Amino acid sequence: MPGANAASVTVVALASGQSHEVVIHDPDAWAVRDIFPSGDLLLAPRRDHDPNEDSTGTPMPSLTGPYRPNGEPPGFFLAVADGRTGAQRGLYVPMGNGVLGKGDELSTGPAMPLLIAPSGQTLVYQLVSARSGGSGDLLTISAAGQVLDRYRLPSGRGAASRQLAAVRADGAVLITRTGDVITVEVLDLASGRRWVVATAPAGSHLLLAGTTSWDG
């Protein structure tokens, strides 16, 4: 049984139907976001750090967010839980060296998509737009926590609603809601090329074959 400050999640193998429980320590602070091909779980903080909060005592690493103390470079913390034992290790993503533009924001809480590419070697994360406060550009991050690239998504009509929905072998799936139309695009993470794969009336629920992750 999990301890007082732990909870278990059920992982089901669709091919076999077999399932097992993985203990998540401190579930009030960490949310399961995705699963690596290895079976390990990617965790993200449930809320961002508020620099105005009372910071007495030792702050949780998950809540340091972009407001790093003692003049350290900005960044955010993730965690990886062993897919069998639940043992957690931290994953710090530094955000220095001009990764963020003026006014850009980080959101490490569960509202912003954070997904694993099918290879298991790359994470894809969506920023908060400095222009609109909605969905922003994409970052690709190595499984070791290093920022690899930034994909600047087009501005203009519908930009604030262009949201990362899944990652599959041919790229990142983006969904835009503009007026009464939903548009589904794929962004090739190698070349930066984007193309439309589907459109649907607003209010539709889309299930896309070939996706390995989904953020509802």
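For ARG46, which sequence-distant residues (separation of 5 or more, or a different chain) have an amide H within less than 5 Å of its own amide H, given hydrogens modelled in the peptide plane?
TRP30, ALA31
Once amide H atoms are placed 1.01 Å from N in the peptide plane, what residues at a sequence separation of 5 or more from VAL197, or on another chain, have their amide H within under 5 Å of its amide H?
The list, which skips near neighbours in sequence, is VAL184, GLU185, VAL186.
Per 0.36 nm of contour for each residue apart, how much would the distance between VAL32 and ASN97 grow if the chain were fully extended, relative to their Cα-Cα spacing?
Contour length minus the Cα-Cα distance gives 20.5 nm.
Subtracting the Cα-Cα distance from 0.36 nm times the residue separation, let me have the gained length for ARG177 to ASN5 in nm, one decimal.
58.0 nm
So if R0 is 25 Å, what FRET efficiency would SER191 and GLN121 give, r being the distance between their Cβ atoms, rounded to the nearest 0.05?
So the FRET efficiency works out to roughly 0.90.
Which ³J(HN,Hα) values, rounded to whole Hz and listed in residue order, are derived for segment 33-46 from phi using the Karplus coefficients 6.51, -1.76 and 1.60 in 6.51 cos²θ - 1.76 cosθ + 1.60 with θ = phi - 60°, glycine and proline given as x?
Each residue's phi maps through the Karplus curve to give 10, 6, 10, 6, x, 6, x, 5, 9, 8, 10, 10, x, 6 Hz.
Calculate, for ALA202 and ALA15, the FRET efficiency according to 1/(1 + (r/R0)^6) with r their C-beta to C-beta distance and R0 41 Å; round to the nearest 0.05.
0.70
List the residues whose amide H sits under 5 Å from the amide H of ASP40, counting only those 5 or more places along or on another chain, with H placed 1.01 Å from N in the peptide plane.
The answer is GLY83.
Bear in mind these aren't lab numbers, they're just calculated from the coordinates by the rules spelled out. Just so it is clear, the model here is predicted, and its values are computed rather than measured. Positions of Cβ are generated from backbone atoms using ideal geometry, with glycine treated the same way; all protein chains shown enter the neighbour counts.
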